[in-house]
Amino acid sequence: MRSNYKRIGNYIELVDERNKDLKITLLLGLSISKQFIPSVANTVGANMKNYKVIRKGQFACSIMQVRRDKKMPVALLKDYDKAIISQAYPVFKIIDEKELLPEYLMMWFSRAEFDRHAEFLAVGGVRGSLEWEDFLDMELPVPSISTQREIIKEYNTIVNRITLNKKLNKKLEETAQALYKHWFVDFNFPITKESYPELVSGSPDLEGKPYKLSGGNMIYNEELDKEIPVGWDVVSLGSVIDHKKGKAFKSDMYQEVGISIVRVSDLTKRSVDFSNCYCIGENHYEDFIDVVLKANDIIITSVGSWASNPDSVVGKVIKVPETNNRSLLNQNMVRLRTKINECQLFLYTALSRKEFSEYVISGAQGSANQASVTLDHLFDYNLSLPKREKLNLLSTKFNLLYSKSSISESEINIMKDLKNLLLSKMTKVEVENEVA
């Protein structure tokens, strides 16, 4: 063992506090992305007194199925003073924070190399669990507290910038949703010379005014059970898109680098996280060319849960980021592309709405934890649309909004690369200092 490397077990101890008085009601789960999430477990009839208490600054982890998942879920509680979690999760804390800071240890747990080492050590049981003693014997460099603080500060600067850009993207997404509702649900899109010359020529003062509020002609549509503008059509989703189902990949094709395979587990709330994708070699590319993903492709999950867990819900809709580079679509998802290229981002906005999610769930079959939906049901979803020329004009606004989002998304990816670089340097800096 190098002198600047120490056993994790030298610095942590287990905590086994139970919710005996039932005073704590906040129940959290632990995600494979190393975060605490609201629990979706069915607790009806469960004895909540047996649930473990976790407090701010303490860790929870899962040592089960590490080899199968190729990750060890572990997280540091920072956002809550206290909560309860399943008794299946070991809870631990730093013994002496004058020697090792919790944030520094969590940075170490966030390294891809840590997960690879944990996977290597996980040999217990059929699914590959990590023995607790093997976890304690894993090592990490422990610099001085002042050095730890400097590294944490640099790391947090990057993480905060990522968070800021994500908030900006969320605001742009909300703006797009509000615009869609105003124009395509409330039908108060702006009247222009290009879209409604027959109205503007007779009443020039109508230019720029909202259509429905300005007395635009409406007609009742039986399929939607509401009025829509005269001249608009009601079309099924299937009639305006081309689609391709994802394919299954054999595990013996996987390798460390190559062409990324996008799985359901790689989908974020509205995008794709390519950092943990499996890969296949270039020699297999031609075999799967029909499921190649392009920027702004829409992906919908056809298998998942009915629960509120955003990581696995059926009917999840995401947009492939513009930073995508020749990735491939795995099974249990379908890729959509509009037949009118200019309207791809408009359609993504339409399908990101709660109404579409509820429609998908209404046709899903199976249990709450494992549901599926047919493509026939997905593609029967109805949309009200103007004629192509007017749709192109209205879609331009959505394209402008998402172009700003793409810039922010590119910055996020740069920041993620910097974050990973900093994590990878946690060992090298200490080795250099030791030699010096």
Could you order the peptides 104-111, 189-196 from most to least packed, using the average number of other C-beta atoms within 10 Å per residue? 104-111, 189-196
Under 20 Å from Lys339, Cα to Cα: aspartates and glutamates that are on another chain or at least 8 residues apart: Asp233, Asp242, Asp290, Asp297, Glu322, Asp376, Asp380, Glu389
Is the shape of segment 5-140 rounded, prolate or oblate, going by the alpha carbon gyration tensor and its root eigenvalues a ≥ b ≥ c, with a/c under 1.5 for rounded and a/b larger than b/c for prolate? oblate
What does the helix-only formula give at 222 nm for the chain: each DSSP H stretch with n ≥ 4 adding -39500 (n - 2.57), the total divided by the residues, and the result rounded to the nearest 500 deg cm²/dmol? -10500 deg cm²/dmol
Counting only C-alpha contacts under 8 Å and six or more residues apart, can you give the relative contact order of segment 286-357 as a whole percent? 36 percent
Could you state the number of Å between the C-alpha centres of segment 390-432 and segment 58-103? 28 Å
Dipole of the chain, Cα-centred, from +1 at each Lys and Arg C-beta and -1 at each Asp and Glu C-beta, to the nearest 20 debye? 600 debye
Hey, can you rank 179-185, 44-50, 226-232 by average C-beta count inside 10 Å, highest first? 179-185, 226-232, 44-50
Given the chain, report the % of alpha carbon pairs whose separation exceeds 35 Å. 42 percent
Taking segment 237-385 on its own, what percent of its Cα-Cα pair distances exceed 25 Å? 26 percent
Computed P(r) (all Cα pairs; segment 235-307; 10 Å bins; percent): 15, 47, 30, 7, 0
So how do Lys319, Lys250, Lys209 line up by other beta-carbon neighbours within 10 Å, fewest first? Lys250, Lys209, Lys319
Just how large is the dipole of segment 196-285 about the Cα centre, in debye to the nearest 20, putting +1 at every Lys and Arg Cβ and -1 at every Asp and Glu Cβ? 400 debye
Considering only DSSP beta bridges where both residues belong to segment 237-385, give the percentage that are antiparallel (nearest 5). 85 percent
Could you rank the peptides 359-367, 344-352 by their average count of other C-beta atoms within 10 Å per residue, with the highest value first? 344-352, 359-367
Nearest 5 is fine: what % of DSSP beta bridges in the chain come out antiparallel, could you say? 90 percent
Evaluate the relative contact order of the chain (contact order divided by residue number), counting alpha-carbon pairs under 8 angstrom at least 6 apart; express in whole percent. 15 percent
Dipole of segment 237-385, Cα-centred, from +1 at each Lys and Arg C-beta and -1 at each Asp and Glu C-beta, to the nearest 20 debye? 280 debye
Sorted by Cβ neighbour density within 10 Å, fewest at the top, the residues Asp225, Asp287: Asp225, Asp287
Taking the radius of gyration and the Kirkwood hydrodynamic radius from Cα positions alone, what is the Rg/Rh ratio for segment 30-109, to two decimal places? 0.98
Lysines within cross-link reach of Lys419: Cα-Cα under 20 Å, excluding same-chain residues under 8 positions apart? Lys34, Lys71, Lys78, Lys153, Lys166, Lys167, Lys428
Using the alpha-carbon centroid of each, what span in Å lies between segment 226-289 and segment 149-193? 23 Å
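Each value in this text was obtained by applying a stated rule to the coordinates, not by laboratory testing. No experiment lies behind these values; they were computed from the predicted model shown. Every residue, glycine among them, receives a Cβ derived from its backbone with ideal geometry; neighbour counts consider all protein chains shown.
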